[in-house]
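The values are calculated or read from the model by the stated rules, or taken from the named source; none is laboratory data. What you see is a predicted model, and the numbers here were worked out from it, not measured in a lab. Every residue, glycine among them, receives a Cβ derived from its backbone with ideal geometry; neighbour counts consider all protein chains shown.
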Amino acid sequence: MNQGKLYIISAPSGAGKTSLIKQLLPQVEKLMVSISHTTRAQREGEQDGVDYFFTSVEVFKSAIAQGDFLEYAQVFDNFYGTAQSSVEASLKQGLDVILEIDWQGAEQIRKLLPDTLSIFIVPPSNEALRERLQGRGQDSDEIINRRMQDAVNEMSHYAEYDYLVVNDDFNTALVELQSIILANRLHIQRQQTTLAPLLTSLIN
């Protein structure tokens, strides 16, 4: 069985990353998203163990001390982290795993797992990004301004990634994400394992 591939997908808040991944999952077999641990408050409609594993700051810091996370970062006033054991188990089962993390987490993952592929999603403009943030109706102008400043900082790291997708037209961006993952599955190293019996029969 092929080992699954680990993907990092990063984007500034409001670029549409979560919506794209949600639509991507049912279109691609053997693809999953790693559920992050977070110390932020649970929002209405979110489910523990589905959207995030919600935990306290004390428990999170204890997990850091025990080396339980592949990566972790402080985003705004909260901590987010990826549990190493669950990701490794999924990859061994042949599943491709997506990590929805920021550039700080991506940097940590690349040092530990240099074969990871990374994708950065950007909006078509800063104006469009601000409109999307305002359209959520969740945040004050002060918070939106802060998110815009953080978005510019996040986007300044785009060149550290393997692929760049512009989410202007949602369906186009979705097809581009799907294409990246499917093309990687056709890489010679993965195909040699997947198609070993066929290849042997063809050349012997």
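Annotations
- When Ile181 is tested against (1) at pLDDT below 95; (2) surrounded by 13 or more Cβ atoms within 10 Å (Cβ to Cβ); (3) assigned to a helix (DSSP H, G or I), exactly one condition is not met: (1).
- Tally, over region 102-135, of residues that are within 23 Å of Glu29 (Cβ to Cβ) and either assigned to a strand (DSSP E or B) or under 12 Å from the mean Cα position of the chain (by Cα) (or both): 5
- Of the residues making up region 14-56, those that are among the polar types (S, T, N, Q) and either part of a helix (DSSP H, G or I) or under 25 Å from Leu112 (Cβ atoms) (or both) are Thr18, Ser19, Gln23, Gln27, Ser34, Ser36, Thr38, Thr39, Thr55.
- Scanning region 184-204 for residues that are of a type outside the set (S, T, N, Q) and in a helix (DSSP H, G or I) gives Arg185, Ile188, Arg190, Ala196, Pro197, Leu198, Leu199, Leu202, Ile203.
- Sole residue being touching a residue at least 24 places away in the same chain (Cβ under 8 Å), at negative phi and out of contact with any helix residue (DSSP H, G or I) (no Cβ under 6 Å at 6 or more places or on another chain), chosen from Leu133, Leu117: Leu117
- Some residue of region 160-179 being touching a Lys or Arg at 6+ places or on another chain (Cβ under 9 Å) and of a type outside the set (S, T, N, Q): yes
- Residue match in region 103-125 (condition: surrounded by fewer than 13 Cβ atoms within 10 Å (Cβ to Cβ), of a type in the set (Asp, Glu) and more than 24 Å from Gly49 (Cβ to Cβ)): yes
- Some residue of region 140-160 being outside any helix (DSSP H, G or I) and within 16 Å of the chain's Cα centre (by Cα): yes
- Extreme residue, surrounded by the fewest Cβ atoms within 10 Å (Cβ to Cβ), among residues of region 32-54 that are within 12 Å of the chain's Cα centre (by Cα) and among the aliphatic types (A, V, I, L, M): Met32
- Meets criteria (closer than 29 Å to Ala159 by Cα, out of contact with any Lys or Arg (no Cβ under 7 Å at 6 or more places or on another chain), in contact (Cβ under 8 Å) with a residue 12 or more places away in the chain and among the hydroxyl-bearing types (Ser, Thr, Tyr)) for Thr18: yes
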